[in-house]
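Okay, structure first, notes after.
Readers should treat all values here as calculations from the given coordinates under stated rules, not as data from a laboratory. Treat the numbers as computed from the prediction; the structure is a model and nothing was measured. Cβ placement follows ideal geometry from the backbone for every residue including glycine, while neighbour counts extend to all protein chains displayed.
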Amino acid sequence: MSISFTVNGVAQQVADARGDDRLIDFLHDDLNLTGTKFCCGIGVCRACTVAVAKPPNQAGSPVISCSTPLSLLDGSVITTIEGVSSGPVLLPVQEAFLRHFAFQCGYCTPGFVMAAQLFLNGLADGPTPPDLDQAIVVAIGDHICRCSGYVRYVEAVRETALAVIATKGDAQ
């Protein structure tokens, strides 16, 4: 038996015996995808956040890779920070993080990008929340930035969210 999933569009298969291995270790050691950061190791800081879509949830959810065993990922579609954009083109939220100088050291940034992009994807596909700032805090508020870039991260996500909402208004 084996566990099958995709990472950034590439099919992966591991033996059931590796079911207890952590996702972050698989990403780093097996695939050499080191953009997902290991920090606290207990799922508190969220620097290791990746997007995981598993039927019936095709949209994806933020998953903490340092505490997620491979056994839970059978049939999943996993996107890491390396897989969020194609080529040298940055996502709008990444560009906003740069404009707002949302980070200093950047260690936490991949986790923030993943959570923010999942929030923005949901915003594009669903209703606009009545309190946008509160929705942003719910989406990224549990992420820890030791350089204290929280306000700048929120400002950057708000800017990008307002652009998404404006685009939705144009499409309606």
Review point. In the list ALA116, ALA161, which residue meets the criterion of being free of Cβ contacts under 8 Å to residues at least 60 places away in the same chain, surrounded by 23 or more Cβ atoms within 10 Å (Cβ to Cβ) and under 23 Å from GLY35 (Cα atoms)?
Key: ALA116
Study note, to complete from the structure: Going through segment 107-154 in order, the residues found to be within 18 Å of SER85 (Cβ to Cβ) and either basic (Lys, Arg) or in contact with a Gly (Cβ under 8 Å, 6 or more places away or on another chain) (or both) are PRO110, LEU118, ASN121
Review point. Taking the stated definitions as given, is ALA124 assigned to a helix (DSSP H, G or I) and in contact (Cβ under 8 Å) with a residue 12 or more places away in the chain?
Key: yes
Point to revise | Condition met for PHE97 (touching a residue at least 24 places away in the same chain (Cβ under 8 Å), buried (at least 19 other Cβ atoms within 10 Å of the Cβ) and of a type in the set (Phe, Trp, Tyr)) | key: yes
Check your understanding: Looking at segment 1-25, which of its residues are within 19 Å of LYS54 (Cα to Cα) and either among the basic types (Lys, Arg) or in contact with a Lys or Arg (Cβ under 8 Å, 6 or more places away or on another chain) (or both)?
Key -> ILE3, ARG22
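On the given criteria, is ILE144 outside any helix (DSSP H, G or I) and surrounded by 13 or more Cβ atoms within 10 Å (Cβ to Cβ)? Please lay out each step first, then the result.
Numbers: outside any helix (DSSP H, G or I): yes; surrounded by 13 or more Cβ atoms within 10 Å (Cβ to Cβ): yes.
Yes; evaluated as a whole, the condition is true for this residue.
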Review point. Listed residues SER61, SER86, SER67; which is farther than 17 Å from PHE119 by Cα and in contact with a strand residue (DSSP E or B) (Cβ under 9 Å, 6 or more places away or on another chain)?
Key: SER67
Revision key, fill the gap. Every listed condition ((1) on the phi < 0 side of the Ramachandran plot; (2) out of contact with any Gly (no Cβ under 7 Å at 6 or more places or on another chain)) holds for GLY87 save (1)
